[in-house]
Amino acid sequence: MGVLPLFPVTTVGSWPRPPELLRAQRMKRLDQMGEEEFTQMADLAVLEVLRLQEEAGVDVVTDGEQRRDNFYSFVAEKLDGVVLMTLAEMLNIVEDKAGFERILQTLDVPAYAISNAVCRDRIQRRRPVAVDDFLFLKRHTDKPVKVTLPGPYLLTRSMYVPAVTKEAYPTKEDLGEDVVRVLRAELNDLVKAGADFIQFDEPVLTEVVFAQGHPRTFMCAALAARGDPTEELDFAAYLLNKVIQGTDSVRIGLHICRGNWSENEATLLRGSYHPLLKYLERLHVRQLVLEYATERAGDLLVFGDMELGLGVVNPRSQTIESPEQVKRSIELALRLYPADKLWLNPDCGFGTFSNRPVNTPEVAFRKLKAIAQAAATYRG
Amino acid sequence: MEETRWTLRVRAGSKGPSTIYVRRRQFQAGEPLHFDPEYAHATAVEYLLAAIGADLVGGLQVIARRQSLQMNQVEAVVSGKLNNPLTYLGVVGEEGHPGLEQVAVTVYVSSAESEARIRQAWDEMLKRSPLVNTLKPTVRLDLTVKLVI
Ligand SMILES: [Zn+2]
């Protein structure tokens with residue numbers, strides 16, 4: 001990556017997918033649309049997302065995850081041994097039916113609109129998970145590119161549905177080893193291809209610590225029974241470190257949030273990152289990409305000498321934060337962080353895991369622009 | 001047209017649920033209603049709600065087939081509210097009645113058709129729905145269709 005300006009501005013990954021692209025995704029799944037036609041549509045959508053980011057003043061761009069149906073289940077079409085199942089197809093086998101029912105009703109979505117990648121055989125990369133998408137974006141921009149990948153804990157936990165998976169992998173730990181192998185291979189390929197920043201998403205970690213005794217909040221985590229939080233966090237840290245071991249040449253980030261599926265703040269998880277602190281400090285990532293625009297995330301913390309991707313706008317709200325508001329967040333962070341360790345981003349992506357984006361492209365654009373304007377006031 | 005009636009037989013179980021015999025099929029139903037989420041049988045109230053959901057979802061598909069509308073997915077969420085469930089339990093001093101006061105149904109449709117055509121089919125279905133037309137005079141029905149890809 002070339003020299004970055006002070007407080008590099010980036011996104012957390014997803015951008016609202018246009019309705020026609022969502023429709024095309026569904027048609028492709030039903031074999032009513034060919035791969036090529038879909039790719040053409042998705043290419044156009046990616047280029048539009050790129051244009052908007054560049055126009056808004058984003059320094060490190062993403063492809064808006066336009067080709068993916070959500071931030072993790074797209075792996076089904078990249079990996080052998082993994083199939084995409086909608087929740088409608090899984091209602092019979094999920095363990096916590098009441099939990100799912102609550103989420104569906106809160107989200108106001110049907111079970112068929114939520115897909116999950118489920119492991120039902122030994123897993124293997126059939127094709128690259130993200131390298132092709134990265135290369136496409138790189139061909140169309142001079143800006144450094146951030147690539148997002150689902151984290152190994154998220155993948156292991158969401159793909160392990162005992163009724164379907166047990167025969168291939170007796171335990172989720174067994175599956176975890178193969179998830180690590182697959183992600184390591186992908187990471188190596190991305191590094192070779194010249195990716196500038198690779199961000200793993202592990203939103204379910206907050207559920208492990210905050211949601212004990214509370215209703216389910218992450219669809220992807222609700223498929224298998226919950227384990228003991230300490231063991232789960234140990235497992236998550238072990239998996240991620242194993243994936244990234246030895247890849248020091250590239251910036252690796254980890255995004256953790258408290259859910260991004262509702263505009264109603266009260267329905268989302270609450271609590272500081274503090275219970276995660278000792279696990280996060282153990283990780284060999286260079287940057288943590290965290291929510292701090294929401295007061296639900298509590299006080300700002302320092303995590304060893306890691307960089308902070310500071311969440312400065314709420315991706316779910318309609319109100320556009322002012323550059324002054326963003327600057328106040330920066331000033332607060334500067335009390336704890338040296339300037340060269342701070343990046344700026346929204347709290348999460350602008351899309352979501354169900355087929356309903358949490359925001360419109362217009363609002364997303366204006367929010368990014370506010371961040372870029374704030375950052376610009378610090379640059380010479 | 002000759003009068004058509006639909007007849008079925010319901011036999012109370014000695015301890016457990018009732019068995020319903022209908023044409024060549026049979027199924028079971030539990031108590032009129034139950035407050036325990038772990039209760040093992042679908043209750044009579046749940047069957048009524050299920051019937052409403054099935055009426056709307058199935059009815060919509062019939063219309064869709066007739067009009068050659070492609071619908072990939074049709075799914076309903078149905079909820080019902082009793083006027084005062086405590087009166088069912090016979091709690092002394094409770095006002096009201098244990099009847100259904102309101103039923104809310106959201107039907108989700110995934111389709112490449114235009115929203116206008118889906119809504120047209122929906123309205124047509126409501127006009128022809130046996131259960132909607134039975135209940136409309138006595139129960140508040142909040143019925144919604146949503147196009148969700
Ligand atoms: Zn997030």
**Request:** Check A:Thr294 against each of (1) more than 21 Å from A:Leu4 (Cα to Cα); (2) open to solvent by 30 Å² or more (accessible area, probe 1.4 Å) and name the one condition it does not meet.
**Result:** (2)
**Fill in**
Quick count over the range A:327-352, residues being away from chain B (no Cβ under 14 Å) and within 16 Å of the ligand (Cβ to nearest atom), is 8
**Asked** Out of curiosity, is A:Leu344 among the aliphatic types (A, V, I, L, M) and either crowded, with 23+ Cβ neighbours inside 10 Å or under 27 Å from A:Phe74 (Cβ atoms) (or both)?
**Response** yes
**Tally, over the range B:134-145, of residues that are open to solvent by less than 70 Å² (accessible area, probe 1.4 Å) and either modelled with pLDDT under 95 or among the polar types (S, T, N, Q) (or both)** = 1
**Prompt:** Quick one: how many residues across the range B:99-121 are surrounded by fewer than 19 Cβ atoms within 10 Å (Cβ to Cβ), part of a strand (DSSP E or B) and of a type outside the set (A, V, I, L, M, F, W, C)?
**Reply:** 2
**Message:** With the requirement that a residue be of a type in the set (Lys, Arg) and either within 12 Å of chain B (Cβ to nearest Cβ) or over 22 Å from A:Lys146 (Cβ atoms) (or both), what does the range A:103-126 give you?
**Reply:** A:Arg120, A:Arg122, A:Arg126
**Fill in**
Only one of A:Glu89, A:Glu55 is within 14 Å of another protein chain (Cβ to nearest Cβ), of a type outside the set (Gly, Ala, Ser) and surrounded by fewer than 18 Cβ atoms within 10 Å (Cβ to Cβ), namely A:Glu89
**Prompt:** Residue check, A:Phe100 against (1) in contact with a helix residue (DSSP H, G or I) (Cβ under 9 Å, 6 or more places away or on another chain); (2) open to solvent by 20 Å² or more (accessible area, probe 1.4 Å), all met but one. Which one?
**Reply:** (2)
**Message:** I'd like the residue in the range A:127-142 that is modelled with pLDDT of 95 or more and open to solvent by 60 Å² or more (accessible area, probe 1.4 Å) and, out of all such residues, is farthest from the other protein chains (Cβ to nearest Cβ).
**Reply:** A:Asp142
**Message:** Going by what's in this entry, would A:Ser115 be described as closer than 20 Å to B:Val109 by Cβ, open to solvent by less than 40 Å² (accessible area, probe 1.4 Å) and modelled with pLDDT under 90?
**Reply:** yes
**Message:** For the structure I just gave you, tell me whether A:Asn314 is within 16 Å of the ligand (Cβ to nearest atom), away from chain B (no Cβ under 14 Å) and crowded, with 23+ Cβ neighbours inside 10 Å.
**Reply:** no
**Asked** Restricting the search to the range A:30-46, which residues are within 20 Å of the chain's Cα centre (by Cα) and either farther than 21 Å from B:Ser111 by Cα or open to solvent by 80 Å² or more (accessible area, probe 1.4 Å) (or both)?
**Response** A:Ala45, A:Val46
**Complete:** Selection from the range B:122-140 of residues in contact with an Asp or Glu (Cβ under 9 Å, 6 or more places away or on another chain) and farther than 11 Å from B:Leu56 by Cα yields B:Val139, B:Arg140
**Within the range A:73-132, tally of residues that are of a type in the set (A, V, I, L, M), part of a strand (DSSP E or B) and out of contact with any Phe, Trp or Tyr (no Cβ under 7 Å at 6 or more places or on another chain)** = 7
**Prompt:** From the set of residues in the range A:183-204 that are assigned to a helix (DSSP H, G or I) and open to solvent by less than 10 Å² (accessible area, probe 1.4 Å), which is nearest to the ligand (Cβ to nearest atom)?
**Reply:** A:Val204
**Asked** Among the residues of the range B:83-98, is any within 25 Å of A:Ile114 (Cα to Cα) and not in a helix (DSSP H, G or I)?
**Response** no
**Item:** Flag if A:Leu368 is among the aliphatic types (A, V, I, L, M), open to solvent by 70 Å² or more (accessible area, probe 1.4 Å) and more than 14 Å from chain B (Cβ to nearest Cβ)
**Value:** no
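The values are calculated or read from the model by the stated rules, or taken from the named source; none is laboratory data. Remember, predicted model here, so these are calculated numbers, not experimental data. Heads up, the Cβs are rebuilt from the backbone with ideal geometry, glycines too, and the neighbour counts pull from every protein chain shown. Surface areas here come from the heavy atoms of the whole protein model, side chains and all, with no ligands, DNA or RNA. Shrake-Rupley method; radii C 1.70, N 1.55, O 1.52, S 1.80 Å.
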